[in-house]
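Worksheet for the structure shown next.
The values are calculated or read from the model by the stated rules, or taken from the named source; none is laboratory data. Here the structure is a predicted model, which is why all the values come from computation and not from measurement. Positions of Cβ are generated from backbone atoms using ideal geometry, with glycine treated the same way; all protein chains shown enter the neighbour counts.
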Amino acid sequence: MLRYTLKRLGYMVVTLWVIITATFVMMKMLPGDPLKSEKVPPEVRAQILKQYGLDQPLPVQYVKYLGNVVQGDLGKSLSFDGRSVTDMILEGFGPSAFIGIQGLLFGTVIGLILGSVSALKRGSLIDNASTFFAVLGVSIPNFVMAALLSYYVGVVWGILPPGLWESYEYSILPSLALSFPVIAQISRYTRTEMVEVLDQDYMKTAKAKGLERSAIIIRHALRNALIPAVTILGPLAINIITGSLVVEQIFAIPGMGELFVTSVINNDYTLIMGVTIFYSVLIVGVIFLVDLLYGVIDPRIRLSGAKE
Amino acid sequence: MSASKNLTPELFQPAMIADSAKNQLARERVGFWKDAWRRYCSNKGALIGLIIIIAIGLLAFIAPAVSSYDYQTQNVKIQNKESFYGDHIFGTDKFGRDLWTRTWYGAKISLLIAFLAAFLDLVIGVTFGGISGYFGGRVDMILQRIIEILYSIPNLIVVILLMLIFEPGIVPIAVAMAVAGWVPMARVVRAQMLKLKSQEFVLAARTLGASHGRILTKHMIPNVMGPIIIAVTFAIPTAIFFEAFLSFIGLGIRPPEASLGVLLSEGADVFQLFPYQLFWPAVVISLIMLSFNLIGDGLRDALDPRMRK
């Protein structure tokens, strides 16, 4: 297990290094110039370039940037009066993480319930409805879902606020919008797995022992059906991170998504680089954690994973 | 004992059967593809998906051409008209552009991007995965390490970085998505290659002196076609979604050009006032993604029955 963890950790570091280097190279290749639009005298221009360290040769800039990133310093924003990019990201990360984690939670819980119910009542109305819902969930982009929720629940019915970020109520609709693909995937996996588990001999044993139906389902069936659901948590978490970029736009939430879109519009290189690197660390980290989690939950995966 | 006495030589005459009848098979021979097609047709959802995609494809390529409106001509007199206003079936947008024409034109652009991206995925993935799986040994080792690194770089990051330096357009978007998305295809192909290359018919071909190129193209590729087709089918809805996503955050196709992503983004801006402007493109993109998912499921069951769930 330790060897496997170390190996994965090594890959993670190499991956992040590749991403940081690629981001750096691409930012230098970009045709635009943050100072081009404003007419500045050459002396002022040189002064600004010096202030941001842009007058030094590229390799020097690169090594310096790499060193700073490792220490968590992502530089200063070019468009927001030299504010620290790290601070801006941490500020935006709060709301994003909140709706993201809440969305994952909503999705997992609803998906597990839907999946188990449809496995237990195969062929029933609930089963068919949840299958239909699962197909819709993977087919309708979550930002369309977000707009629909905001319009119907927020504007037409007025149950929850359709946008902005003030109190807890404001986080429910965005989280729901993000949770739709999660519900769809989790319920599908749980159903398939549950149907298989219910046919196993140990289910008969449990029934023969005279256990309560609820105990059988929760302790024996659901627990074993959970493993494949965990295996897709990684891709689902990434799906949520991607989705939050646009869902935040629709609900006007001051999170990472908004930060990223503004940085692209403003040609704010340091901010773009910072957000990109932050997203990479987040995604690569999530994949790493989920991989380790499999090993903890299901020793069979650990063994086959270590052998590779 | 008494029965044996009744056996006369006349009983042992050869039967009188015509040559043609001898060669007749009980059932018509069914090839792999025909069999797969029969299995595919027995799946109702997959068939409906195929019909919807054909219908949408035809509309996307024909509707903008025969429409009396242009996808970008603005008309200030008829801004934001509801659906079914005059001959504007889907209504008009904030510049008075006909939404029917724009939606189908956008669908065409989105489909083009998706197909191109899936095709590029296919070319890169099959080449890389094929070489890696077929040659094995050190070549495979090096290529697999490269893949492992690439695989852990998030698609989102690769596409966004590439879109920052590319000019937005159909080809750049497709290329960016292919660069980010070919790795799963390469993995599928490699796994299949590893499985196939140790089988007897490949050994036989090699013993008979067939070149690497011939073995790859004549023996290996046709046998991995099934999984490849399935992977391509699932790559298309992903590409459609990614295009919409990119256009939505301002990195994809730029207005006044249209794609489903652009239309969704424009529709989302005004959906609280004019929900129909979001509704139609949303219906079209959802139908496309739904159909490709259904087709993919159907193809998986038809081409690779072992993967059936």
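Of note:
- Every test in (1) free of Cβ contacts under 8 Å to residues at least 60 places away in the same chain; (2) over 30 Å from B:R214 (Cβ atoms) is passed by B:R138 save one, and that test is (2).
- Taking the criterion of being part of a helix (DSSP H, G or I) and touching a Gly at 6+ places or on another chain (Cβ under 8 Å), the residues of segment B:37-49 that qualify are B:Y40, B:G45, B:A46, B:L47, B:G49.
- Test: residue in segment A:185-206 that is of a type in the set (A, V, I, L, M), under 23 Å from A:D291 (Cα atoms), crowded, with 18+ Cβ neighbours inside 10 Å and touching a Phe, Trp or Tyr at 6+ places or on another chain (Cβ under 8 Å): no
- Of all residues in segment B:145-158, those being in a helix (DSSP H, G or I), among the hydrophobic types (A, V, I, L, M, F, W, C) and within 10 Å of another protein chain (Cβ to nearest Cβ) number 5.
- Among (1) outside any loop (DSSP other than H, G, I, E, B); (2) within 14 Å of chain B (Cβ to nearest Cβ), the one test that A:P161 misses: (1)
- Only one entry in A:P95, A:P141 is at pLDDT below 85 and not basic (K, R), namely A:P141.
- Identity of the residue in segment A:125-146, facing chain B (nearest Cβ under 7 Å), out of contact with any Leu (no Cβ under 6 Å at 6 or more places or on another chain) and in a helix (DSSP H, G or I), that ends up surrounded by the most Cβ atoms within 10 Å (Cβ to Cβ): A:F143
- The condition (being within 31 Å of the chain's Cα centre (by Cα) and surrounded by fewer than 20 Cβ atoms within 10 Å (Cβ to Cβ)) is satisfied by just one residue among B:L99, B:L111, B:L122: B:L122.
- Candidate set from segment A:274-295 (those that are small (G, A, S) and touching a helix residue (DSSP H, G or I) at 6+ places or on another chain (Cβ under 6 Å)); member that is nearest to the other protein chains (Cβ to nearest Cβ): A:S280
- Under the condition of being surrounded by 15 or more Cβ atoms within 10 Å (Cβ to Cβ) and assigned to a helix (DSSP H, G or I), the residues counted in segment B:58-73 number 5.
- Residue in segment B:22-37 that is within 30 Å of B:A107 (Cα to Cα), at pLDDT 80 or above and out of contact with any Leu (no Cβ under 7 Å at 6 or more places or on another chain) present: yes
- From the options B:I142, B:I173, residue that is out of contact with any helix residue (DSSP H, G or I) (no Cβ under 8 Å at 6 or more places or on another chain), more than 14 Å from chain A (Cβ to nearest Cβ) and either buried (at least 16 other Cβ atoms within 10 Å of the Cβ) or assigned to a helix (DSSP H, G or I) (or both): B:I142
- Conditions (1) closer than 30 Å to A:L282 by Cβ; (2) among the polar types (S, T, N, Q); (3) at pLDDT below 85: number failed by B:S198: (1)
- Restricting attention to segment B:241-269, the residues that are assigned to a helix (DSSP H, G or I), in contact with an Asp or Glu (Cβ under 8 Å, 6 or more places away or on another chain) and hydrophobic (A, V, I, L, M, F, W, C) total 1.
- Any chance B:Y134 is over 23 Å from B:I236 (Cα atoms) and crowded, with 20+ Cβ neighbours inside 10 Å: yes
- The listed residue being surrounded by fewer than 12 Cβ atoms within 10 Å (Cβ to Cβ), over 28 Å from the mean Cα position of the chain (by Cα) and either within 27 Å of B:N155 (Cα to Cα) or modelled with pLDDT of 85 or more (or both), out of A:P57, A:P31, A:P41: A:P31
- All of (1) in contact with a helix residue (DSSP H, G or I) (Cβ under 7 Å, 6 or more places away or on another chain); (2) at pLDDT 85 or above; (3) within 20 Å of B:P154 (Cα to Cα) hold for A:M26 with one exception: (2).
- Sole exception among (1) assigned to a helix (DSSP H, G or I); (2) more than 21 Å from the chain's Cα centre (by Cα) for A:L149, by number: (2)
- Inclusion of B:L203 among residues that are part of a helix (DSSP H, G or I) and free of Cβ contacts under 8 Å to residues at least 12 places away in the same chain is warranted.
- Within segment A:153-184, the set of residues being aliphatic (A, V, I, L, M) and surrounded by fewer than 20 Cβ atoms within 10 Å (Cβ to Cβ) comprises A:V153, A:V155, A:V156, A:I159, A:L160, A:L164, A:I172.
- Residue in segment B:193-203 that is of a type in the set (A, V, I, L, M, F, W, C) and under 20 Å from B:V232 (Cβ atoms) present: yes
- Scanning segment B:74-100 for residues that are of a type outside the set (D, E, K, R), farther than 25 Å from B:I113 by Cα and in a loop (DSSP other than H, G, I, E, B) returns B:Q74, B:N75, B:Q79, B:N80, B:S83, B:F84, B:G86, B:I89, B:G91, B:F95, B:G96.
- Residues of segment A:8-30 that are more than 7 Å from chain B (Cβ to nearest Cβ), without any contact (Cβ under 8 Å) to a residue 60 or more places away in the chain and within 18 Å of A:I283 (Cα to Cα): A:G10, A:V13, A:W17, A:T21.
- Hey, B:F271 surrounded by fewer than 24 Cβ atoms within 10 Å (Cβ to Cβ), within 12 Å of chain A (Cβ to nearest Cβ) and out of contact with any His (no Cβ under 6 Å at 6 or more places or on another chain) or not: yes
- Of all residues in segment B:229-243, none are closer than 29 Å to A:P162 by Cα, without any contact (Cβ under 8 Å) to a residue 40 or more places away in the chain, in contact with a Phe, Trp or Tyr (Cβ under 8 Å, 6 or more places away or on another chain) and buried (at least 21 other Cβ atoms within 10 Å of the Cβ).
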